[in-house]
Each structure stands twice: as structure tokens, then as C-alpha cells.
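Heads up, the thing below is written out as C-alpha cells.
The values are calculated or read from the model by the stated rules, or taken from the named source; none is laboratory data. As the structure is a computational prediction, the values presented were derived from the model and not from experiment. Cβ atoms come from the backbone with ideal geometry, glycine included; neighbour counts cover every protein chain shown.
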Amino acid sequence: MVDVSEKPETTRVARAEAIVRTRSDVVVLLAEGNLPKGDALSVARIAGIMGAKKTPELVPLCHPLPISKVTVDFEPDADAGTVRIEALVKTRGVTGVEMEALTAVSVAALTVFDMIKAVDKAAIIDGIRVLSKSGGKSGDWTVDA
């Protein structure tokens, strides 16, 4: 692990996203909570939050952090056949929370996939990326597009 003991404690925030690509009719079922497995978005939200909290157990050499906030939000778009997932993670500490935000959207996307696979075995998880980070030595950063 990287030695972060000399770094100053600051408020750190990171946002990440993932896209689940499926069929339009599946997005409608998902948004209405009418999938065979039930309300996928509520389950995926809890899974994403749990994923953020478990990041140091899943990613080798990732520092355990006192996470103070995790949100996982969904934007279903039936016309596009997509569900955009965005996570925000916040802490006050000596290292950033990008990995926690990425883990949150990844686990949420995996949960959505698991819950829609009965109606769409060809769904795709795509576009997992960090959208922004702030509070660290390297300064604030936001993706260009």
C-alpha cells in the first residue's frame, strides 16, 4: 500500500458512472419495478452502497476509508434502451474515494444485470468511468465530456 500517513486530511468527493444497455421494453419494466425479480433499482441502490463500503475488501491495496456519504442514482431512458447509474462518494480523509465510486456503480450495474437477465440475456454493462474528483493534492478534476 502507498504510505499516506503524511498527507493532510481533507474532504474528498468522487463521482462515477456506468451504463447498462438493454432493450426499451426492459427499461420500462425496470423503471416500473415490474421485473420478475422485483424492484431492481432499489436493490441495485443498496448493492451499490454496500459495494462502496466493501471496496478495500475487493480491490487489493485499496485503503479502508471512513465513508461519510454514498448516493447511487439511476436515469432510465426507455428510448435509448439504457440505464445510467451515477454514484457519489464522500469522505474526510487522506486519500480519495474514486475506487469506492467506481465500485458502487459497478456493483449496482451488476445487480441491474442480474435482475434483468431473465428478460434480456444480451444486456451490456458499459462506460464505467470516474466523472469527477475533488479534495486531493492533485486538485479538482472533472471529465471533459
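Yes or no: segment 127-143 includes at least one residue that is in contact with a Lys or Arg (Cβ under 8 Å, 6 or more places away or on another chain), of a type in the set (Asp, Glu) and either in a loop (DSSP other than H, G, I, E, B) or crowded, with 19+ Cβ neighbours inside 10 Å (or both). Taking every residue of segment 127-143 in turn, at least one turns out to be in contact with a Lys or Arg (Cβ under 8 Å, 6 or more places away or on another chain), of a type in the set (Asp, Glu) and either in a loop (DSSP other than H, G, I, E, B) or crowded, with 19+ Cβ neighbours inside 10 Å (or both).
Consider Asp79 carefully, then state whether it is surrounded by fewer than 24 Cβ atoms within 10 Å (Cβ to Cβ), over 15 Å from the mean Cα position of the chain (by Cα) and either among the β-branched types (Val, Ile, Thr) or in a helix (DSSP H, G or I) (or both).
Working: surrounded by fewer than 24 Cβ atoms within 10 Å (Cβ to Cβ): yes; over 15 Å from the mean Cα position of the chain (by Cα): yes; either among the β-branched types (Val, Ile, Thr) or in a helix (DSSP H, G or I) (or both): no.
No.
With Gly127, Gly93 as the choices, which residue is modelled with pLDDT under 95, out of contact with any helix residue (DSSP H, G or I) (no Cβ under 6 Å at 6 or more places or on another chain) and not aromatic (Phe, Trp, Tyr)?
On the way: Gly127 fails: modelled with pLDDT under 95.
When all the criteria are applied, what remains is Gly93.
Listed here are the residues, each with its yes/no results for (1) closer than 16 Å to Ala109 by Cβ; (2) outside any helix (DSSP H, G or I).
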{"position": "Ala44", "(1), (2)": "yes, no"}
{"position": "Ala52", "(1), (2)": "yes, no"}
{"position": "Ser68", "(1), (2)": "no, yes"}
{"position": "Glu86", "(1), (2)": "yes, yes"}
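Out of all the residues in segment 66-84, is one or more under 25 Å from Arg21 (Cβ atoms), hydrophobic (A, V, I, L, M, F, W, C) and in contact (Cβ under 8 Å) with a residue 60 or more places away in the chain?
We begin by selecting, within segment 66-84, every residue under 25 Å from Arg21 (Cβ atoms); these are 70-84.
From the residues that got through so far, the ones that are hydrophobic (A, V, I, L, M, F, W, C) too are 70, 72, 74, 78, 80, 83.
Of the ones still in play, those that are also in contact (Cβ under 8 Å) with a residue 60 or more places away in the chain are 83.
Looking through segment 66-84, at least one residue is under 25 Å from Arg21 (Cβ atoms), hydrophobic (A, V, I, L, M, F, W, C) and in contact (Cβ under 8 Å) with a residue 60 or more places away in the chain.
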